[in-house]
1. For the range 113-126, state whether one or more residues are surrounded by 22 or more Cβ atoms within 10 Å (Cβ to Cβ) and either more than 30 Å from Pro24 (Cβ to Cβ) or among the aliphatic types (A, V, I, L, M) (or both).
2. Report, by residue number, each residue of the range 60-70 that is in a helix (DSSP H, G or I) and either within 21 Å of Ser36 (Cα to Cα) or free of Cβ contacts under 8 Å to residues at least 12 places away in the same chain (or both).
3. Show the residue pairs meeting these rules: Cβ distance below 6 Å; 6+ apart or different chains; first residue within the range 10-29 and over 15 Å from Phe190 (Cβ atoms); second residue outside any helix (DSSP H, G or I) and of a type outside the set (Gly, Ala, Ser).
4. Condition first: among the polar types (S, T, N, Q) and more than 21 Å from the chain's Cα centre (by Cα). Now tell me which residues in the range 228-250 satisfy that.
5. Tell me, yes or no, whether the range 57-68 has at least one residue that is within 27 Å of the chain's Cα centre (by Cα) and at pLDDT below 90.
6. Looking at Leu260 and the list (1) under 30 Å from Leu176 (Cβ atoms); (2) out of contact with any helix residue (DSSP H, G or I) (no Cβ under 7 Å at 6 or more places or on another chain), which single condition is not satisfied?
7. If you take the residues of the range 337-351 that are in contact with a Ser or Thr (Cβ under 8 Å, 6 or more places away or on another chain) and not hydrophobic (A, V, I, L, M, F, W, C), which of them is modelled with the lowest pLDDT?
8. For the range 186-205, indicate whether the set of residues that are part of a loop (DSSP other than H, G, I, E, B), crowded, with 17+ Cβ neighbours inside 10 Å and β-branched (Val, Ile, Thr) is non-empty.
Amino acid sequence: MLFNSYTFIMFFMYIVLVHYSKLPWKYKKTNLLIGSYIFYAAWNPPFVLLLFSSTFVDWHLAKKIFLSPTAKSRKFWLWLSLLFNLGLLSVFKYSDFLVENFESFAKLLGFNIELQDPGFILPMGISFYTFQTLSYTLDIYFRRLKPHHSFLDYALFVSFFPQLVAGPIVRAKQFLPQLKQQNHIKFDTFSIGLSLFIIGLFEKVVLADTFFAPIVNSVFVDNAQPDALSSWLAAFFFYGQIFCDFSGYSLCAIGTALCLGFKLPFNFKAPFSAIGFSDFWRRWHISLSSWLRDYLYIPLGGSRFGSFVTFKSLMITMLLGGLWHGSEWTFVIWGGLHGTYLVVERGLKSFSFSKQLADIKPVRIILMVVTFLLVTFAFVIFRAENLQQALVIFKGMAGFAGSQNLVNWGLWTQLVTATFIALIALQWIHSNNLITDVMQRMSTFSRALLLSGCLLLIAVSSGNSDAFIYFQF
């Protein structure tokens, strides 16, 4: 069930009607839980059992961890939780990858081994809800949290439909307290939520799918030999596409939740305006980057034990962060490239003059442009079907590839380019603001005009919409 579908609109209207009825709060939460499972079952009903089993097992293992009298027993239950969750994730998401690479490695050693393809279907959103259940277990293990008293609340936390299949990744301490009693939101809050949903759909349907995707897809094809212009436009526009696609989903999720009285964390904060790569990861996919920081980077040592441990922790974190996105070497290399960016940046920051230079405005602008370009290069690898395709795009960007003019520099491409530049400019201007800050400063008339324009363009473009990119992760 996609946000950009009439089915979802009807589904959400029913949820809202029940949610604001006079039923007791427990019944409303039960309705939300059932609705969330129906929302998830719309893709593949049997995987509801997988979602429930993950919820049920971690609920009980977290209690075991909390009640364990010794450190040894606490670690045992924690490892059981990790093995269960990461084991399921590995089986469904990485089994094909492991089989394929095992066969390739065996051939290098002179053995011709062919294993049967497991053929597992990837459950929608498994990476997201696995990290949510693990955050609950890990927070209890690190004594940041006590087990929640209500299984209903916990099950709703894991499966809450707005962010179930593509985030933001929500922590238990952020969401469970909101379930104690129903928040009676004001009309202004509901309107902000609805506005976020409309803007999110606009980003997805109009910008990502109608503006950027067709040009990107025309260049990232097998056996293509794009010229320099086509390669650069495809690289830049994919950055725009994936931002608008994922930011659009996140805004739809946050807006839908806000209409129901729940606050979810924002997932993006003007990433095009990032100055350096630490700043980029404070602005891009914030819920994932903060999860990796708190549950992987810091436990690995973080920045507490000298430069070597810091660099090692950064590289491991980013490599695993890349692998989280999918079972392809392109994702691993993308993560490794960002790890290298962060290591080099951390090394440069160790020099005393670096902070003085970074405070100079022209230098900050240069750093912003360099960050934008290097992130764009990394996204070429992220988007490519394989390394060979990425290399072709890079050669095209350098002017060394073929001369296929895959992107016609006509009026439409000029309009898309102008839109992309406007998107960058808006993020640079509002680099320190969330979208809600901007909207709340707008007059009622200006906001109504903006949303009317978004709805009109959504209606015109609705036939070109695809599933959200991050559904595959």
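The values are calculated or read from the model by the stated rules, or taken from the named source; none is laboratory data. Note that the structure is predicted; figures quoted are calculated from it, not measured. Quick reminder, even Gly has a Cβ in these numbers, built from the backbone with ideal geometry, and neighbours come from all protein chains shown.
1. Residues of the range 113-126 that are surrounded by 22 or more Cβ atoms within 10 Å (Cβ to Cβ), as a first pass: 123, 125.
Adding the requirement that they be either more than 30 Å from Pro24 (Cβ to Cβ) or among the aliphatic types (A, V, I, L, M) (or both) leaves 123.
Yes, some residue in the range 113-126 is surrounded by 22 or more Cβ atoms within 10 Å (Cβ to Cβ) and either more than 30 Å from Pro24 (Cβ to Cβ) or among the aliphatic types (A, V, I, L, M) (or both).
2. Restricting attention to the range 60-70, the residues satisfying the condition of being in a helix (DSSP H, G or I) are 60-67.
Scanning the range 60-70 gives His60, Leu67.
3. Between residues of the range 10-29 that are over 15 Å from Phe190 (Cβ atoms) and residues that are outside any helix (DSSP H, G or I) and of a type outside the set (Gly, Ala, Ser), the close pairs are Trp25/Gln182.
4. The first filter runs over the range 228-250 and keeps only residues among the polar types (S, T, N, Q), leaving 230-231, 241, 247, 250.
Once the filter is applied, which keeps residues that are among the polar types (S, T, N, Q) and more than 21 Å from the chain's Cα centre (by Cα), the range 228-250 yields Ser230, Ser231.
5. No.
6. (2)
7. Ser350
8. First pass over the range 186-205, keeping only residues part of a loop (DSSP other than H, G, I, E, B): 186.
Narrowing the set further to residues that are crowded, with 17+ Cβ neighbours inside 10 Å leaves none.
There is no residue in the range 186-205 that is part of a loop (DSSP other than H, G, I, E, B), crowded, with 17+ Cβ neighbours inside 10 Å and β-branched (Val, Ile, Thr).
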